[in-house]
Amino acid sequence: MNAWVQLFEGFKTNCWLFAVTLLLSLPLGLIMTMFTMSKFKPLQWFMKVFVWIIRGTPLMLQLIVFGLGPGLLGIRGMNMFVAVIIAFVLNYACYFAEIYRGGIQSVPVGQEEAGLVLGVWGTTAVIGIITCALSVGAVYIGKAMGMKLADKAEILGGVVLLAIGIKILLG
């Protein structure tokens, strides 16, 4: 029965990690989107390169960098769970930044003028445009969350197989 308790504790930890990751990465992705679409070119360039690098590297490599990197740089006492949260939040936020950017850019240019012609002014027009962008992006956010859960399952499977291999190797 002890194995079931450990399995349940691991499940609770995974659910907590997923919830914290979503709560932190959704707003961070929106901020990254604003920086990516900024008129200030150095900030725009930096954020595009950062998102491109994070999205282009495997999550496992990011976990290794954020987990072992601070120790190699002389930063002691960093909790490994905090490093995992940082890696997951940045990874998710970069994907969400691209989803938000795509949703915002999918709104036709004439949407604002159409709202003005219909007599929709100010905040109401902005809310309508944001709703349109979010409705386009929501489908892709759901897809990304499903893919990320699959990534976590693959990582967990790899760690379990590695632990079993080490146990067999050491006897």
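Taking the criterion of being within 24 Å of Trp16 (Cα to Cα), open to solvent by less than 30 Å² (accessible area, probe 1.4 Å), in a helix (DSSP H, G or I) and of a type in the set (A, V, I, L, M, F, W, C), would at least one residue in the stretch 70-86 satisfy it?
Checking the stretch 70-86: at least one residue is within 24 Å of Trp16 (Cα to Cα), open to solvent by less than 30 Å² (accessible area, probe 1.4 Å), in a helix (DSSP H, G or I) and of a type in the set (A, V, I, L, M, F, W, C).
Residue check: is Thr124 farther than 26 Å from Thr13 by Cβ, polar (S, T, N, Q), assigned to a helix (DSSP H, G or I) and modelled with pLDDT of 70 or more?
Spelling it out, it is not the case that Thr124 is farther than 26 Å from Thr13 by Cβ, polar (S, T, N, Q), assigned to a helix (DSSP H, G or I) and modelled with pLDDT of 70 or more.
Check off (1) surrounded by fewer than 12 Cβ atoms within 10 Å (Cβ to Cβ); (2) at pLDDT below 80 for Gly115 and give me the number that stays unchecked.
Gly115 satisfies every listed condition except (1).
Does Thr36 fit the bill of being among the polar types (S, T, N, Q) and over 14 Å from Leu90 (Cα atoms)?
Against the criterion (among the polar types (S, T, N, Q) and over 14 Å from Leu90 (Cα atoms)), Thr36 qualifies.
Right, Lys48: touching a residue at least 12 places away in the same chain (Cβ under 8 Å) and basic (Lys, Arg) or not? Working first, answer last.
Details: touching a residue at least 12 places away in the same chain (Cβ under 8 Å): yes; basic (Lys, Arg): yes.
Criteria met by Lys48.
For Leu22, are the conditions met, namely being in contact (Cβ under 8 Å) with a residue 40 or more places away in the chain and either in a helix (DSSP H, G or I) or in contact with a helix residue (DSSP H, G or I) (Cβ under 7 Å, 6 or more places away or on another chain) (or both)?
Details: in contact (Cβ under 8 Å) with a residue 40 or more places away in the chain: yes; either in a helix (DSSP H, G or I) or in contact with a helix residue (DSSP H, G or I) (Cβ under 7 Å, 6 or more places away or on another chain) (or both): yes.
Yes, satisfied.
What about Leu28, is it under 25 Å from Gly142 (Cβ atoms), within 13 Å of the chain's Cα centre (by Cα) and free of Cβ contacts under 8 Å to residues at least 40 places away in the same chain?
Answer is no for this residue.
Tell me which of these Ala97 doesn't satisfy, since it passes every other one: (1) surrounded by 14 or more Cβ atoms within 10 Å (Cβ to Cβ); (2) under 16 Å from the mean Cα position of the chain (by Cα); (3) at pLDDT below 90; (4) closer than 18 Å to Ala138 by Cα.
With (1) surrounded by 14 or more Cβ atoms within 10 Å (Cβ to Cβ); (2) under 16 Å from the mean Cα position of the chain (by Cα); (3) at pLDDT below 90; (4) closer than 18 Å to Ala138 by Cα applied to Ala97, the lone miss is (3).
Kindly establish whether Phe50 is within 12 Å of the chain's Cα centre (by Cα) and assigned to a helix (DSSP H, G or I).
no
The values are calculated or read from the model by the stated rules, or taken from the named source; none is laboratory data. Remember, predicted model here, so these are calculated numbers, not experimental data. Cβ coordinates were reconstructed from backbone atoms using ideal geometry, including for glycine residues, and neighbour counts include every protein chain displayed. What goes into the accessible areas is simple: the full protein's heavy atoms, side chains included, and nothing from ligands, DNA or RNA. Shrake-Rupley method; radii C 1.70, N 1.55, O 1.52, S 1.80 Å.
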